[in-house]
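K.L.:
What follows is a single structure, and I will ask about it in a moment.
The values are calculated or read from the model by the stated rules, or taken from the named source; none is laboratory data. Note that this is a predicted model, so its numbers are computed, not measured. Neighbour counts run over all protein chains shown; Cβ positions are idealised from the backbone, glycine included.
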Number of protein chains: 2
Amino acid sequence: MRIILSGFGAVGQSLVGLLSSRAEDLYTEYALKPRIVGVFDSGGGAADPAGLDPAAITAAKRDAGTVSAGLPGGVEMIRSVDADVLVEATASNYADAEPGISHITTAMGRGMHVVSVNKGPLALAFPSLTEIAAYNNVALRFSGTVGGGTPILDYAKNSLRGERITSFAGILNGTTNYILSSMASGLSAGDALADARKRGYVEADESLDLDGIDAAAKLVILANWVMGMKVTLPDVGREGIRGVTGDDVAGAASRGRAVKLVASCKDGLKVGPEEVPLEDPLCVNGTLNAISFTSEHSGTQTIIGRGAGGTETASSILRDLLDVRQVMS
Amino acid sequence: MRIILSGFGAVGQSLVGLLSSRAEDLYTEYALKPRIVGVFDSGGGAADPAGLDPAAITAAKRDAGTVSAGLPGGVEMIRSVDADVLVEATASNYADAEPGISHITTAMGRGMHVVSVNKGPLALAFPSLTEIAAYNNVALRFSGTVGGGTPILDYAKNSLRGERITSFAGILNGTTNYILSSMASGLSAGDALADARKRGYVEADESLDLDGIDAAAKLVILANWVMGMKVTLPDVGREGIRGVTGDDVAGAASRGRAVKLVASCKDGLKVGPEEVPLEDPLCVNGTLNAISFTSEHSGTQTIIGRGAGGTETASSILRDLLDVRQVMS
C-alpha cells in the first residue's frame, strides 16, 4: 500500500514509528505492507516510489525542522506522486478547511483513498466530501477525528449494527474537561487555564478549545456518520467554557453534579456547559473523553478513553488503513 | 433465514417481539427475513416450516406456560426440523452445560449456524465448540453472553482491530455490583442481598452470582475470544462476594475506593473482590456492567452499559443474526 503522508507533526511521526515497529505482524496478520512514498510538511516534501526510510524522514524533521528534500509538498505532490492512500494530518482549520480540504479532494480526484485525522474539512464539508468519495469510488475514513485512539465512530456504526441510536451526548474535548475538573478541585478559572496551558493541553488557537469549536467539529462528524444527518459546523448551537465561574462549579458540586462541556445530539446539535450527575458514567475527569449512546433496544452505553495523543491517534489511522486494505482487495 | 429457537424465557420472547416489530426495516436495510420454524421450551415444541406466528407462540406461553403444540423439543426437534440457525437461549448450567451443549453440537453437526446466549457451553467447552464450528463450516456467535446488549465482545474484536489488547478488567455481574453498591450506601450485607432478591436480580441458583461463577463464565468467553486463549471455567481463580463485610466496604470508602467484584485477565484469569478507585471509569454503580481494555497503542478504554435484560440481550442476538446473514450470502 503506497501512502502519501500530509503533515508530519506528532501524529504523522507516531504513525511512521507505529508502521515500522508493527511491520512484521501487519504483513503476516493483515497482509498490509505500508510504504510511505511521499511525505510533506509546511517546509516541503520528500518522495520515493520505493518507499521512504522512516528513520531518515524522522531524523530530517528533528534536525532540519522539515522533512523537505527540496520537493514541493501539498497539492502539487499529491498531483504528481502515485499512491493508493492519502493520510491527511495537517492542522485543523475551521475558517476554510485549507489546506486539508484541497489535499483531500485532489487525492480523491486522482482515485486515492483518504484517511483524515484533520477535522476541519469534515466539520465544514462532510456531506460534500462523502459525495465526492462516492463519485470517485474511493474510501474516506476518519476514525482519529473523534476520540483519538478510542474507536467511538466505529463502535456506534459497527458494534451497534442493527440497533437504532436515538440520541447521544459526549465530553469530546479533553482540554476543557481538564480545566473544568481542575476548577472542581478548587482552582480558579484563571489558574486552571494557566495550568492546562503549562501542560501543553491548550491548542495554539485557544478558541478551538475554550469556545467549544473542537467539540462542535467532532459533534458534526458524529452526527453525519452515526445519525446520517447532513450537517456542518454552523448547524451546531455552541457555547464554550469562558463563562463558567467557580461559583457555577461549586454550586453544581453541592447538587452532586459537575459542570461539563457537553456535545449533544438530541433535539438538534448543541455544545455547551451542562451539569452532569457525578454518578453518570459520562462524568469523567481530567483529559478523558466520554460519550453515551442511547439506543432503541440496548439502553445507554458509554465509552471512555483518552481522546488525543500522537500514538493513540496513529493507532486509529492504522485501523482505517486496514479498512482501506480490505476495500482494495 | 429459518431459525430454531431453543428456550422461550424473557430473552426468547423479547427476540420474537423484536424480530416482529423490526420485520420491515430488517428486510429493507439488511435483507434479513427471519422465520421461526421451530421453538421449544421444557414443556415441548412447536414447528412450522412456513414460520410460526409470533403472536400465537407468545400467547401459548402466556396462557399454557409452554409453547408446546405436542411436538418433542430439544435435540429431537433440532434433528428433525430443517433450519439455518439455532438460537440457543436455555438456562446456563455450569455442571455439564446441558441441555445447551447438546443443542449446539447437534445443530452444528447438521450444518446450522448457532447463536448462543447460553453461557454454560461456552464457559465449559469454548475451545472444543469453536473447533466443531470450524469443522462443520458454520458460524458460532455469542454476543449476548457478555454485557447483554452492550457489544463488549464485538468492540474488543472489531472496533480495536489492528490493536493489541494486553489486559482487561471488568465488572461483569450486575447483581453482585448492585449488592456491593447498596453496601457502599450503608446497607448491611444481609439487607443488600435481601433487597436484590426482592427486585428479582438474583439468579434462582444464588451461587452463580454470589460465588462469582457468572462473572467467571464471562471472563472465560472474553479470554478465548479476545485474547485467543484456550481456557475453560476451571482455569479461573475465583472468589465471590460472600466474604465481603460492611467493614471492608467502609474501609475502602475511607481510601476513596469501592469494593467491586472484578474479573480480570492480566497475569492469569481471576474473579474476586478488589478495591477500585472511585474516579476510575470502571467504578460503576448499581446493576451496570463495565469493562476496561488496555491496549498497546490506544491506552485504556472503558465501556459501560446494562449487562442484562431481555430486550437488550435480544438486540445482541439480532446483531449475531446479521453476522450469520452475511456469512450465508
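K.L.:
Anything in region A:274-329 that is more than 14 Å from the chain's Cα centre (by Cα), of a type in the set (D, E, K, R) and over 20 Å from A:A184 (Cβ atoms)? List them, or say none.
P.N.:
Residues satisfying the conditions are A:E296, A:D323, A:R325.
K.L.:
Please go through region A:161-172 and give me each residue that is within 7 Å of chain B (Cβ to nearest Cβ) and closer than 18 Å to A:K266 by Cα, ordered by number.
P.N.:
The one that is within 7 Å of chain B (Cβ to nearest Cβ) and closer than 18 Å to A:K266 by Cα: A:E163.
K.L.:
What are the residues in region A:243-290 that are among the charged types (D, E, K, R), in a loop (DSSP other than H, G, I, E, B) and more than 24 Å from A:V226 (Cβ to Cβ), if any?
P.N.:
A:R255, A:E279
K.L.:
Please go through (1) more than 8 Å from every other protein chain (Cβ to nearest Cβ); (2) touching a residue at least 24 places away in the same chain (Cβ under 8 Å) for B:G228 and return the number of the only condition it doesn't satisfy.
P.N.:
Condition (2) is where B:G228 drops out.
K.L.:
Quickly run through region A:1-16 and pick out the residues that are under 19 Å from the mean Cα position of the chain (by Cα) and either part of a loop (DSSP other than H, G, I, E, B) or free of Cβ contacts under 8 Å to residues at least 60 places away in the same chain (or both).
P.N.:
Residues satisfying the conditions are A:G7, A:F8, A:G9, A:V16.
K.L.:
Please count how many residues of region B:31-79 are under 11 Å from B:F8 (Cα atoms) and assigned to a loop (DSSP other than H, G, I, E, B).
P.N.:
Of the residues in that region, 6 qualify.
K.L.:
For region B:17-30, state whether one or more residues are out of contact with any Leu (no Cβ under 6 Å at 6 or more places or on another chain), hydrophobic (A, V, I, L, M, F, W, C) and in a loop (DSSP other than H, G, I, E, B).
P.N.:
no
K.L.:
Looking for something under 19 Å from the mean Cα position of the chain (by Cα), surrounded by fewer than 17 Cβ atoms within 10 Å (Cβ to Cβ), assigned to a helix (DSSP H, G or I) and of a type outside the set (D, E, K, R) - is there at least one such residue anywhere in region B:84-99?
P.N.:
No, region B:84-99 has no match at all.
K.L.:
Only residues in region A:291-308 that are more than 7 Å from chain B (Cβ to nearest Cβ) and assigned to a loop (DSSP other than H, G, I, E, B) count as the first member; pair them with residues that are surrounded by 24 or more Cβ atoms within 10 Å (Cβ to Cβ) and of a type in the set (A, V, I, L, M, F, W, C), Cβ under 7 angstrom, at least 6 apart or cross-chain, and list the lot.
P.N.:
Between residues of region A:291-308 that are more than 7 Å from chain B (Cβ to nearest Cβ) and assigned to a loop (DSSP other than H, G, I, E, B) and residues that are surrounded by 24 or more Cβ atoms within 10 Å (Cβ to Cβ) and of a type in the set (A, V, I, L, M, F, W, C), the close pairs are A:G307/A:L172.
K.L.:
Now, a different point. Quick check: is even one residue across region B:130-147 of a type in the set (V, I, T) and within 14 Å of another protein chain (Cβ to nearest Cβ)?
P.N.:
yes
K.L.:
Let me ask something else. Here is a list of conditions, (1) within 19 Å of B:L321 (Cα to Cα); (2) in contact with a helix residue (DSSP H, G or I) (Cβ under 8 Å, 6 or more places away or on another chain); (3) among the β-branched types (V, I, T), and B:I57 meets all of them except one; can you say which number that is?
P.N.:
Single failed check for B:I57: (1).
K.L.:
Among (1) at pLDDT below 95; (2) closer than 27 Å to A:D323 by Cα, there is one condition A:K119 misses while meeting the rest; what is its number?
P.N.:
(1)
K.L.:
So if I check each of A:P127, A:P121, which one is surrounded by fewer than 18 Cβ atoms within 10 Å (Cβ to Cβ), within 19 Å of A:L269 (Cα to Cα) and more than 13 Å from every other protein chain (Cβ to nearest Cβ)?
P.N.:
Testing whether each residue is surrounded by fewer than 18 Cβ atoms within 10 Å (Cβ to Cβ), within 19 Å of A:L269 (Cα to Cα) and more than 13 Å from every other protein chain (Cβ to nearest Cβ) leaves just A:P127.
K.L.:
Can you go through B:E312, B:E279 and tell me which one is buried (at least 22 other Cβ atoms within 10 Å of the Cβ), among the acidic types (D, E) and within 9 Å of another protein chain (Cβ to nearest Cβ)?
P.N.:
Just one listed residue meets the conditions, B:E312.
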